[in-house]
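Worksheet for the structure shown next.
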């Protein structure tokens, strides 16, 4: 790996921050991303649930027509509700579950962004919000999992196990 990629990885993983701040950021701070992503996913599920015919008349939503509502609504709504519920489960296992949910949500937001990028007209909020949420979810989920697993190893190492 080149030096420039190592520096980018170092900056994006936020390992240069004090451990106490990392603990807050990847424990409490990721709840903001979870909350925004969860509510947004529930919002998309609600829109598709209550106006499935009308929504496809808009040119920016035509790619969603290929996915049946029986899959689209439970996936968007289920992951959104799971993210909101995982925010309050503040144990080690709950934080790991939350991190993996953030990674799944990042993938969903990426696919949503791809659907909007292929649509016409080219300038709308669907081209901006889903990629930002995807980036934030992948960053928060990946870093929180790395921090949780590294702190668990550190804790085990301190116990002599």
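Yes or no, residue by residue, for (1) farther than 20 Å from residue 125 by Cβ; (2) in contact with a helix residue (DSSP H, G or I) (Cβ under 9 Å, 6 or more places away or on another chain):
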residue: 40; (1), (2): no, yes
residue: 53; (1), (2): yes, no
residue: 59; (1), (2): no, no
residue: 69; (1), (2): yes, yes
residue: 74; (1), (2): yes, yes
residue: 96; (1), (2): yes, yes
Quick one: count up the residues across the stretch 65-105 that are in contact (Cβ under 8 Å) with a residue 60 or more places away in the chain and not in a helix (DSSP H, G or I). 1
What are the pairs, 6+ residues apart or on separate chains, where a residue within the stretch 25-43 that is in contact (Cβ under 8 Å) with a residue 12 or more places away in the chain has its Cβ under 6 Å from a residue that is not in a helix (DSSP H, G or I)? 31/87; 34/87
Condition first: under 22 Å from residue 148 (Cα atoms), out of contact with any strand residue (DSSP E or B) (no Cβ under 7 Å at 6 or more places or on another chain), exposed (fewer than 15 other Cβ atoms within 10 Å of the Cβ) and at pLDDT 75 or above. Can you find one or more residues in the stretch 31-48 that meet it? yes
Do the conditions hold for residue 6, that is, is it within 23 Å of residue 101 (Cβ to Cβ) and out of contact with any strand residue (DSSP E or B) (no Cβ under 8 Å at 6 or more places or on another chain)? no
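The values are calculated or read from the model by the stated rules, or taken from the named source; none is laboratory data. The structure displayed is predicted, hence computed values, not measured ones. Don't worry about glycine lacking a Cβ; one is built from the backbone with ideal geometry, like all the others, and counts go over all protein chains shown.
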